[in-house]
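Colleague: Sharing a structure with you now.
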Amino acid sequence: MHIETLTKFLNEANKATYADKNAEKAVSSRAGSKEYHFEKGGFAYHDTYFGSRDFIGEEIVYENGDPVWGMNYFGVVLDEEVSEKEVFDFLREALMQEYEDVIPVRGPSNFSSGDKEYRFSVEGDFANFSGKEEILFGEKVVYRCLVHGGVIEESSK
């Protein structure tokens, strides 16, 4: 597996699925889940999550049928007075941005539009990372998502 090829695929898959407000969901494989799938050039991306305003999910990338990378995430809209549509519309806008400042597992390290700001910070590298995504309206954090993941390797035993 070539990390550069995988990161380019993941960037494309992210922008073709949840981040694209017009992307169609895939048929759910687990009760109560929402899912997105994207395939190209021997790679397949699967994003499965549960919930809406507060949610938990997992992304897995397969290469030729073998799982090679994954990420778990848990997100919460923190402000009861803020509509989830407004938060998630802005999140999608941020996730559609092109960037090279952090590993391509969510969005750029910072994106602003009007009084709204998206922030993503990550520790580690593509093979083993944890991160935090936040959205601020004005000075107030209204959304937070924690992520962690990395490269998946099978044991040689």
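Colleague: Which residue fluctuates the most in the chain, going by a Gaussian network model with Cα springs under 10 Å, if the choices are VAL77, VAL27, VAL102?
Modeller: Among VAL77, VAL27, VAL102, the largest GNM mean-square fluctuation belongs to VAL27.
Colleague: Would you list, by chain and number, the aspartates and glutamates whose Cα falls below 16 Å from the Cα of LYS8, excluding same-chain residues fewer than 8 positions away?
Modeller: The qualifying aspartates and glutamates are GLU39, GLU59, GLU63, GLU98, GLU100, ASP101, ASP125.
Colleague: I would also like to ask the following. Would you list HIS37, HIS2 from fewest to most Cβ contacts within 10 Å?
Modeller: Values: HIS37 18, HIS2 8.
Least crowded to most crowded, the residues run HIS2, HIS37.
Colleague: Let me ask another. Which pairs, out of LYS34/LYS85; LYS25/LYS116; LYS21/LYS132, put more than 24 Å between their alpha-carbon atoms?
Modeller: Values: LYS34/LYS85 16 Å; LYS25/LYS116 27 Å; LYS21/LYS132 22 Å.
Check vs 24 Å cut-off fails for LYS25/LYS116.
Colleague: In sequence order, what are the phi-derived ³J(HN,Hα) couplings for region 96-106 according to the Karplus relation 6.51 cos²θ - 1.76 cosθ + 1.60 with θ = phi - 60°, rounded to whole Hz, with x for glycine and proline?
Modeller: For region 96-106, the Karplus-derived couplings read 7, 6, 7, 7, 9, 8, 9, 5, x, 10, 9 Hz, x marking Gly and Pro.
Colleague: Let me ask something else. Let me know the shape class of the chain, please: from the alpha-carbon gyration tensor, a ≥ b ≥ c as square roots of the eigenvalues, rounded when a/c is under 1.5, otherwise prolate if a/b is greater than b/c, or oblate.
Modeller: On the way: a/c = 1.81, a/b = 1.49, b/c = 1.22.
Because a/c hits 1.5 or more and a/b exceeds b/c, the chain counts as prolate.
No lab work stands behind these numbers, since they all come straight from the coordinates. All of these numbers come straight from a predicted model, not from anything done at the bench. Here the Cβ is made from the backbone with ideal geometry for all residues, glycine too, and neighbour counts use every protein chain on show.
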